[in-house]
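To start, the structure itself, in structure tokens.
The values are calculated or read from the model by the stated rules, or taken from the named source; none is laboratory data. Worth saying up front: this structure is predicted, and the values here are computed from it rather than measured. Counting neighbours? That spans all protein chains shown, and the Cβs are built from the backbone with ideal geometry, glycine included. SASA here: full protein model, heavy atoms, side chains in, ligands and nucleic acids out. Shrake-Rupley method; radii C 1.70, N 1.55, O 1.52, S 1.80 Å.
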Amino acid sequence: MASAPSVQRLSQAPAPAGTAALSGFASPVGLDPQLERFLHQASSLLCQWLGQAGSAAPLPALSVLPAVEPELQGLAPERLLADLQLVMEGAFNPNHPGALAHLDPPPLAASIAADLICAGLNNNLLAEELSPSLTRLERSLCSWLAGELGLGDRSGGVAASGGSLSNLMALVTARRSRGLGCRGDAVVLCSADAHVSLDKAMAVMGLAAEGLIRLPVDAQGRMQPDALAERLDQLAQAGIPVLAVVATAGTTVRGAIDPLPAISAHCRRHGHWLHVDGAIGAVFALAPAHRQRLSGLELADSITVNPQKLLGITKTSSLLLLAEPGLLQQAFATGLPYMEPSWGPSHGGESGLQGSRPGEILKLWLGLRQLGRSGIEALVEGAIMRRRQLVALLAADPRLQLAGGPLHLLAFRPRDLDAEASDGWSSRTRQALLAEQLMLSRPWYQGRHHLKVVLGNPHTQASHLEHLSRIVHGSLPHG
Ligand SMILES: *Cc1c(COP(=O)(O)O)cnc(C)c1O
């Protein structure tokens, strides 16, 4: 029998015929056949769900939720799996070819497997002795990626549970490195289209909301360097400290990339920290054919990159990369008094805001290894090609106003509708598209509701985009 004597069974009740009760914890003295069977069954459930994605809807109708509270006796594996199935039936379906609303692509196979292994290892990136190999993997992979993005020989970083956290840690690190910890009047400059996580960061850092200065964008949704230069000079004259300038490489609604070389030149002139929020766009720098879209990325002090948004690395997967990763410890180290000293540069828990942290690096590492450089290039290329196809289908219609950029996002709205009419149109058209299994999102941008398409889903075919464009053309006011 595989269950070790010291490990108590969770379920004391006799298992129903044909089912074997599950040990609460895997036996440490030999392979646990119940656990193995359970994981096989769970994997099979997942594979079936993924495989049926195309015949379901991207966004399911309301589903039944199983009971949430534990029963007196623990449940047998079959009940657990049946309950799981109910939750899966109500889940958003990223593997559907019509899932085009958000930056949430289908999950990559190696990444799914690594997530499972990560759970089984149950290591903790807080400290090296709780994650010896994973800590080294994180350090090495962050250094490699920071090097690929051009941050230099000393560069590195840390994984974080999402881009919002990466952005926050970047700003805390910038503040510390500029000695502005006590200045409540310090400001951050970014474009009008920068991500809302910067507003949250200001709040967390105890800075006034107005301290986030959002500069107007040009017709392509990019920060205007001249306006930045002018504002930086004004701030310098007024003696107001600048904590950082945040440029966005891939804005959330249309995928615009701020002009990084010019922005960096102005930052250098004043000695300001340049953070690039590349949550969406930084991965394009890994594809040689698209690297030039990100020119100037290497001039950043710090970069946020979210491999979860296009590469299919399962959530969450975000990295904060820095030219001088040692600054992370200056900002966050506490000495971790209850841990052995670090063998390397520092413990993971000393390099960022999070304490206990899963080995998320595993699914990024294995996912990138599965894709290979050619696979990354193909994903990026496919996404851009689909955006071009959709632009070609929509651009000829003079009734439509497109808001796009160089990446794989495209927003649009009817040109002549006021705010209220755009709200109604976008809502009706989103419903009409959903009825045809095409899921778009409906961002509010520059005073109007738009419909937005994210073209990172590798299952989406030209025929889906043609169908989408027919519905959109049909939705437009005549005239
Ligand atoms: C998604 C996004 C973020 C935030 O990332 P999360 O992982 O959702 O926290 C930050 N910046 C940009 C530009 C984004 O698109």
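Structure above, values below:
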| quantity | calculated |
| --- | --- |
| Residue, nearest to F412 (Cα to Cα), within segment 223-240, restricted to residues that are in contact (Cβ under 8 Å) with a residue 24 or more places away in the chain and either under 21 Å from the mean Cα position of the chain (by Cα) or open to solvent by less than 50 Å² (accessible area, probe 1.4 Å) (or both) | M223 |
| Unmet requirement for A82, which otherwise passes all of (1) surrounded by fewer than 16 Cβ atoms within 10 Å (Cβ to Cβ); (2) part of a loop (DSSP other than H, G, I, E, B) | (2) |
| Residues located in segment 255-266, provided they are crowded, with 24+ Cβ neighbours inside 10 Å and either away from the ligand (no atom under 15 Å from the Cβ) or not assigned by TED's automatic domain parsing to the domain that holds M223 (or both) | I263 |
| Boolean, C142 is assigned by TED's automatic domain parsing to the domain that holds H272, part of a helix (DSSP H, G or I) and either within 16 Å of the ligand (Cβ to nearest atom) or open to solvent by less than 50 Å² (accessible area, probe 1.4 Å) (or both) | yes |
| From L45, L39, L62, residue being out of contact with any Lys or Arg (no Cβ under 9 Å at 6 or more places or on another chain) and either surrounded by fewer than 11 Cβ atoms within 10 Å (Cβ to Cβ) or of a type in the set (F, W, Y) (or both) | L62 |
| Residues (surrounded by fewer than 16 Cβ atoms within 10 Å (Cβ to Cβ) and over 18 Å from R386 (Cα atoms)) located in segment 447-463 | G447 |
| Residue match in segment 436-446 (condition: open to solvent by 60 Å² or more (accessible area, probe 1.4 Å), at pLDDT 95 or above and within 19 Å of E381 (Cβ to Cβ)) | no |
| Criterion violated by S475 - all others in (1) polar (S, T, N, Q); (2) closer than 24 Å to P106 by Cβ; (3) over 28 Å from the mean Cα position of the chain (by Cα) satisfied | (2) |
| Tally, over segment 267-303, of residues that are small (G, A, S) and either under 17 Å from Q224 (Cα atoms) or outside the structural domain of L180 (by TED's automatic domain parsing) (or both) | 2 |
| Complete set of residues in segment 145-180 that are over 19 Å from the mean Cα position of the chain (by Cα) and either of a type in the set (A, V, I, L, M, F, W, C) or not assigned by TED's automatic domain parsing to the domain that holds P241 (or both) | L151, V172, A174, L180 |
| Filtered residue count, segment 2-32, keeping only those that are surrounded by fewer than 14 Cβ atoms within 10 Å (Cβ to Cβ) and at pLDDT 75 or above | 5 |
| Any hit, segment 421-440, residues being without any contact (Cβ under 8 Å) to a residue 24 or more places away in the chain and part of a loop (DSSP other than H, G, I, E, B) | no |
| Among residues of segment 78-95, those that are over 19 Å from the mean Cα position of the chain (by Cα) and in contact (Cβ under 8 Å) with a residue 60 or more places away in the chain, counted | 1 |
| Qualifying residue in segment 70-77 (condition: open to solvent by less than 50 Å² (accessible area, probe 1.4 Å) and either assigned to a helix (DSSP H, G or I) or within 25 Å of R430 (Cβ to Cβ) (or both)) | yes |
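So that you can scan it fast, the table gives a plain yes or no per residue for (1) surrounded by fewer than 17 Cβ atoms within 10 Å (Cβ to Cβ); (2) in contact with a helix residue (DSSP H, G or I) (Cβ under 6 Å, 6 or more places away or on another chain):
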{"site": "N167", "(1), (2)": "no, yes"}
{"site": "V172", "(1), (2)": "no, yes"}
{"site": "R175", "(1), (2)": "no, no"}
{"site": "G179", "(1), (2)": "yes, no"}
{"site": "R183", "(1), (2)": "yes, no"}
{"site": "L189", "(1), (2)": "no, no"}
{"site": "A194", "(1), (2)": "no, no"}
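Listed here are the residues, each with its yes/no results for (1) modelled with pLDDT under 95; (2) away from the ligand (no atom under 16 Å from the Cβ); (3) under 15 Å from L274 (Cα atoms).
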position	(1), (2), (3)
D185	no, yes, no
V188	no, no, yes
A192	no, no, no
L198	no, no, yes
A203	no, no, no
G206	no, yes, no
E210	no, yes, no
V217	no, no, no
A227	no, yes, no
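Conditions tested, residue by residue: (1) in contact with a strand residue (DSSP E or B) (Cβ under 6 Å, 6 or more places away or on another chain); (2) within 26 Å of A110 (Cβ to Cβ).
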{"site": "E298", "(1), (2)": "no, no"}
{"site": "K309", "(1), (2)": "no, yes"}
{"site": "L319", "(1), (2)": "yes, yes"}
{"site": "G352", "(1), (2)": "yes, yes"}
{"site": "L364", "(1), (2)": "no, yes"}
{"site": "L368", "(1), (2)": "no, yes"}
{"site": "G372", "(1), (2)": "no, yes"}
{"site": "A383", "(1), (2)": "no, yes"}
{"site": "L393", "(1), (2)": "no, no"}
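Residues checked against (1) within 21 Å of V172 (Cβ to Cβ); (2) within 16 Å of the ligand (Cβ to nearest atom); (3) over 16 Å from the mean Cα position of the chain (by Cα); (4) open to solvent by 10 Å² or more (accessible area, probe 1.4 Å):
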| site | (1), (2), (3), (4) |
| --- | --- |
| H270 | yes, no, yes, yes |
| G281 | no, yes, no, no |
| R291 | no, no, yes, yes |
| D301 | yes, no, yes, yes |
| N306 | yes, yes, no, no |
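Let's see how each residue does on (1) surrounded by fewer than 22 Cβ atoms within 10 Å (Cβ to Cβ); (2) within 16 Å of the ligand (Cβ to nearest atom); (3) without any contact (Cβ under 8 Å) to a residue 40 or more places away in the chain:
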site: F284; (1), (2), (3): no, yes, no
site: L294; (1), (2), (3): no, yes, no
site: K309; (1), (2), (3): no, yes, no
site: S317; (1), (2), (3): no, yes, no
site: L321; (1), (2), (3): no, yes, no
site: P325; (1), (2), (3): no, no, no
site: L328; (1), (2), (3): no, no, no
site: G335; (1), (2), (3): yes, no, yes
site: E340; (1), (2), (3): yes, no, no
